[in-house]
Amino acid sequence: MPEARSITYAEAIREALDGAMASDDAVFLMGEDIGVYGGAFGVTTGLLEKYGADRVRDTPISEVGIVGIAVGAALVGMRPVAEMQFSDFTANAMDQLCNQAAKLHFMYGGKAQVPLVLRAPTGSGTGAAAQHSQSIESWLANVPGLKIVMPSNAADAKDLLTAAIADPNPVVFLEHKLLYKTKGEVRTESSSGGLGRAAVAQEGEDVSIVCWSAMVPKALDAAGSLKDQGIDAEVIDVRTLRPLDRSTIVESVAKTGRLLVVHESPLTGGFGGEIAATVTESDAFDFLEAPVKRLAGMETPIPYNPGLEKGVVPQEEDIVKAAVEILAG
Amino acid sequence: MGDVGELNRTEATELLTTMWTIRRFEEAVDDLFARGLLHGTMHLSIGQEASATGAIAALEQGDYITSTHRGHGHCIAKGADVTLMLAELLGKESGYCRGRGGSMHIADLDAGNLGANGIVAGSIPIAAGAALALRQRGSDRVVECFFGDGAANEGAFHEALNMAAIWKLPVIFICENNHYGMSMAWTKAVAIDRLSRRADAYGFPGVTIDGNDVIAVKEEAGRAVERARSGEGPTLIECLTYRHKGHSKSDQNLYRTREEIKQWRDKDPTQRFARVVIEAGLLDAATADRIAEDAKQKISTAIEEARSGPDPTLVGIEDETYA
């Protein structure tokens, strides 16, 4: 049996970066304040000392430049791992990400590859307000050519980042800030199965709670509370939004007959709609015993006040309440 | 006029051949479009052959370029197969991008052409990134980055030039100032008299040259390539030139006068270079004429071959989105 150790999500990401850099000279990091500072959330701490300033490259505050230079380096065979200090800043770099990185392979008839990873801390809960707290996955989910990964725990963070760096395509790797300090067991061998595989985080029979990123631990806590009320919830961790593991979701709902999708980003145009449509278009539709339910962020930017900030995104009690309502019919 | 510097007969022949090939290629695709045999749109660089030809002539095997929406000339100068280019413009499976890219997206990675780009300034950070990768790998190869006067006002230009400067990247920024960003005169889009002055802001040399003088372009690019190769960092070369045709196929030329267009036609870089090499005795008139005629014939043959290529199908197309 491989050895299991308990480390934080941030440490797991660092281990994945360290491992990739140690095994492949083509891997290098670039971003704002990732060197001496260690990144805004300390994720890259210690890597500058180990690999030097050429491979742990501090950049000016130039998001277009960061992503564009990563695209160019990737085109000629490097494997850059670029960091957006906050996922919100990806807005500055959208051309390089969505018009360049995502499209070059297809547009150039399959001759070019853009094996880059764009890491970005995402999500609310740190009191940083509207321009440092949003969830951007739905912006990117409609862009063929990108892969989108949103790990919910330390083991997946390590495995999926390792897989993302090895992938020949551009991968956006969104790290939830509230998860950085959460601990979990990681193994020396990957157990995630690579990109594009959802996980059954908890098995259950009565309702499928489909979620990702920081909503997964909340859903697992909610499942514990639901258990006390006699409701046996299954929690599906989507892990990779693109490519989406539709079959794991469909199989779960076919079994439980009920679907609750939970995400932090606002409801309208959110990725929950894609999950809901996937289920209603599938054979699982015949097994539905209740209308599909989406629980998502409110239709606002993330507010500053701590009570408001918490209030606009789903919390454990909201998930419990929604699941109970679904079961009540 | 008449000064050919250190140019020899072979080099003169190569330069003139490239320039006429670009010219004949673009005249031919303009004609195909007019006859309804090409769809979509295209951006012709007729009148700008000297900057693409001269700058790329300063490169060696293994060096790279990035190109623009007006990129046929760069592509040909970097050694592309015109039959594959024409097949791409015709949307054929046999084209450079299997008919997925078209005129604005031709890449020829094996030849060091990292691709034309439909986003103004989109390829400038990409060129800097390729240069960074070359540096990190210990290579002495360099990247020439082509863009127009319009691109110099994009944020991507400023971010990439600054980053290339602080890291002394082996990249040569070649601004083909053809006087208009679509319809907007470059003099209305900036408050400076030379776009090359932008280089001052980032701490590397910038120079403005006659972009219709292929010899001058080659010599200036040669100095910048040498600088980049020896680790001294980037250079910005502003090539003053002019596109004889409109911005794209929708252009009615409402923003410029017939007189202005005529003035620049009189400064046609390809005919001018032919005259210069004849005057200098490097080529005789008959040879120069034959180069132009051969280029026309080569394109005609390539069109016939390209048109016979297979059309692509939708089978498996979603699987091509990812590598």
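Structural remarks
- The gain in end-to-end length when the residue A:281 to residue A:315 segment is fully stretched comes to 9.4 nm, 0.36 nm per residue minus the alpha carbon separation.
- Annotation: lysines with alpha-carbon distance below 21 angstrom to residue A:183 (same-chain offsets under eight excluded): A:158, A:218.
- Residues whose amide H falls under 5 Å from that of residue A:202, counting only those 5 or more places apart or on a different chain, are A:235, with hydrogens built in the peptide plane.
- Neighbour-count order for A:268, B:208, fewest beta carbons within 10 angstrom listed first: A:268, B:208
- Only lysine pairs 8 or more places apart or on separate chains count here, and in chain B those with Cα atoms under 20 Å apart total 9.
- Spin-label model distance (nm) - residue B:81 vs residue B:255, 7 Å beyond Cα toward Cβ: 3.8
- Dipole of chain A computed with +1 at Lys/Arg Cβ and -1 at Asp/Glu Cβ about the Cα centre; of A:9, A:34, A:287, farthest Cα towards the positive end is A:34.
- Per residue, the convex hull spanned by the Cα atoms of segment A:199-328 measures out at 98 cubic angstrom.
- Residue-averaged beta-carbon neighbours from other chains (10 angstrom radius) around A:161-169: 1
- Seen from residue B:323, the other residues with C-beta closer than 15 Å to its C-beta sum to a net charge of +3, counting Lys and Arg as +1 and Asp and Glu as -1.
- Rounded tilt (10° steps) of A:9-23 against the dominant C-alpha axis of chain A: 40
- Inter-site label distance for residue A:200 and residue A:53 at 7 Å from Cα along Cβ, in nm: 5.3
- Each residue of segment A:210-221 was assigned a 3J(HN,Hα) from its phi angle through the Karplus expression (A = 6.51, B = -1.76, C = 1.60, θ = phi - 60°), giving 9, 7, 7, 6, 5, 6, 5, x, 5, 5, 5, 4 Hz with x at Gly and Pro.
- Between the residues A:198, A:257, A:164, the greatest Cα displacement towards the positive end of the dipole of chain A, with unit charges on the Cβ of Lys, Arg, Asp and Glu, is found for A:164.
- As a proxy for reagent exposure, ranking B:72, B:39 by other Cβ atoms within 10 Å from fewest up yields B:39, B:72.
- Karplus-based coupling profile of segment B:146-157, in residue order and whole Hz: 8, 7, x, 4, x, 5, 5, 9, 8, x, 4, 4, with θ = phi - 60° in 6.51 cos²θ - 1.76 cosθ + 1.60 and x standing for Gly or Pro.
- Charge dipole of segment B:35-107 about the Cα centre (unit charges at C-beta), most positive-ward option of B:51, B:89, B:77: B:89
- With Cα atoms, 0 to 90° folded angle of helix A:154-166 axis to chain A main axis: 50
- Histogrammed with a bin width of 10 Å, the alpha carbon distances of chain A distribute as 6, 27, 34, 23, 9, 1 percent, first bin at zero.
- Rounded to 5, percent antiparallel among DSSP beta bridges of segment A:4-187: 20
- Under 5 Å from the amide H of residue B:58 lies no amide H of any residue 5 or more positions distant or on a separate chain, with H modelled from the backbone and absent for Pro and chain starts.
- Using the Cβ-Cβ distance between residue A:18 and residue A:268 with R0 set to 30 Å, the FRET efficiency works out to roughly 0.15.
- Taking the Cα centre of segment B:236-289 as reference, the dipole from Cβ charges on Lys and Arg (+1) and Asp and Glu (-1) amounts to some 300 debye.
- Cβ-to-Cβ counts within 10 Å put B:141, B:307 in ascending order as B:307, B:141, the fewest first.
- Compared with the dominant principal axis of the Cα atoms in chain A, helix A:316-328 is inclined by about 40°.
- In this structure, residue B:4 and residue B:111 have a Cβ-Cβ separation that, at R0 = 35 Å, corresponds to a calculated FRET efficiency of about 0.80.
- Label-to-label distance, residue B:317 versus residue A:247, with points set 7 angstrom from Cα along the beta-carbon direction: 2.6 nm.
- Quotient of Cα Rg and 2.2 N^0.38 Å for chain B, N being how many residues it contains: 0.96
- Peptide ranges A:22-32, B:118-128 listed from the most packed, as the mean C-beta count within 10 angstrom indicates: B:118-128, A:22-32
- Placing one equal scatterer on every Cα of the protein assembly as shown and applying the Debye formula, the log10 ratio I(q)/I(0) at q = 0.08, 0.12 Å⁻¹ is -0.65, -1.17.
- Phi to ³J(HN,Hα) by Karplus 6.51 cos²θ - 1.76 cosθ + 1.60 over segment B:229-245, Hz, x for Gly, Pro: 5, 8, x, 8, x, x, 9, 10, 10, 9, 9, 6, 8, 7, 8, 6, 8
- Proximity of backbone amide H atoms, modeled 1.01 Å from N, is registered between residue A:169 and no other residue at under 5 Å, excluding neighbours fewer than 5 places apart on the same chain.
Laboratory data are not the source of any read-out in this text; all were calculated from the coordinates shown. Since the model is a prediction, treat every value here as computed from it, not as a measurement. So basically every Cβ, Gly included, is an ideal-geometry build from the backbone, and we count neighbours across all protein chains shown.
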